[in-house]
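I have placed the structure first, in the form of structure tokens, so that the comments after it can refer back to it.
The values are calculated or read from the model by the stated rules, or taken from the named source; none is laboratory data. As the structure is a prediction and not an experimental result, all values here were calculated from the model. All Cβ positions, even for glycine, are placed from backbone atoms using ideal geometry, and neighbour counts span all protein chains on display.
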Amino acid sequence: MRSGHPRDAQRARVYRAELPLPSSPLPGLDACARFADRVVGTLWWHVRFPHLTLDRLPRLRPGNGARTAYFGETDDGATTITLPRRYRTKGIVLHELVHWALQDQPDLPSHGATFARLVLDTTEEFCGTERAGALAGAYRTERVRVAQGPRLGPDGQWRYGWDERLRLARGREVLVRVDGDPSEVRGVLERVEGRGSVLVLRDGERTRRVPVERIWFVQAAR
């Protein structure tokens with residue numbers, strides 16, 4: 001994984017939750033590739049990650065001698081997913097596709113709450129509600145923090161990570177976008193009031209209060 005992410009505090013808990021679950025094995029690397037194609041080729045994926053199209057899918061590698069599955073990038077910027085034989089399951093392929101989906105969001109932990117939410121959502125969509133329920137239960141048992149669901153922007157794209165970014169941005173400047181307002185709201189995130197319902201931002205001498213339920217986009221200010 002790329003460096004520069006916040007501390008990956010729940011990586012071990014995510015692995016403890018996911019790995020013991022019953023798997024849906026895929027018979028070989030070609031079957032893994034077909035499953036990945038099916039996922040990325042859906043409208044469900046497109047409205048969440050429209051820039052991650054089938055022609056950009058990571059190359060699958062057999063990982064001969066590798067001890068685990070992993071997503072990576074080569075020196076020339078190409079992406080790969082390494083899948084040793086014992087890790088060729090639907091759950092593992094989804095896990096690594098989620099790493100790919102979030103690779104351009106280095107402000108989020110690699111196995112953070114947003115990652116867990118997206119793994120849970122992809123599991124429900126592509127492996128069914130029973131498997132997703134088992135995963136949600138395992139996350140609770142291992143105390144894995146799971147973000148809230150994505151928010152729909154005016155462009156029709158669902159965006160993940162808005163709530164985790166707010167949690168990580170206390171005391172820092174952020175940009176937020178809210179429903180019905182075409183402009184960005186910028187300010188230092190001072191606190192959240194009203195039992196988590198109102199965001200308090202300070203922009204110089206000005207204080208702004210933004211209803212959290214209307215926020216669909218959050219970004220740390222550069």
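If you go through segment 42-70 and keep only what is hydrophobic (A, V, I, L, M, F, W, C) and within 29 Å of Asp155 (Cα to Cα), you end up with Leu43, Trp44, Trp45, Val47, Phe49, Leu52, Leu54, Leu57. Residues that are over 17 Å from Gln148 (Cα atoms) and modelled with pLDDT of 95 or more were ranked within segment 104-128; the one that is surrounded by the fewest Cβ atoms within 10 Å (Cβ to Cβ) is Gly128.
Criterion first (part of a loop (DSSP other than H, G, I, E, B), among the charged types (D, E, K, R) and in contact (Cβ under 8 Å) with a residue 60 or more places away in the chain) does Arg48 satisfy it? So Arg48 passes the test.
Within segment 64-88, residues that are over 20 Å from Ser24 (Cα atoms) sit with their Cβ atoms under 9 Å from residues that are among the hydrophobic types (A, V, I, L, M, F, W, C) and in a loop (DSSP other than H, G, I, E, B), at 6+ positions apart or across chains, in these pairs: Ala66/Leu83; Gly72/Met1; Glu73/Met1; Thr79/Leu57.
Annotation: Val144 fulfils all but one of (1) part of a helix (DSSP H, G or I); (2) of a type outside the set (S, T, N, Q); (3) assigned by TED's automatic domain parsing to the domain that holds Arg48; the unmet one is (1).
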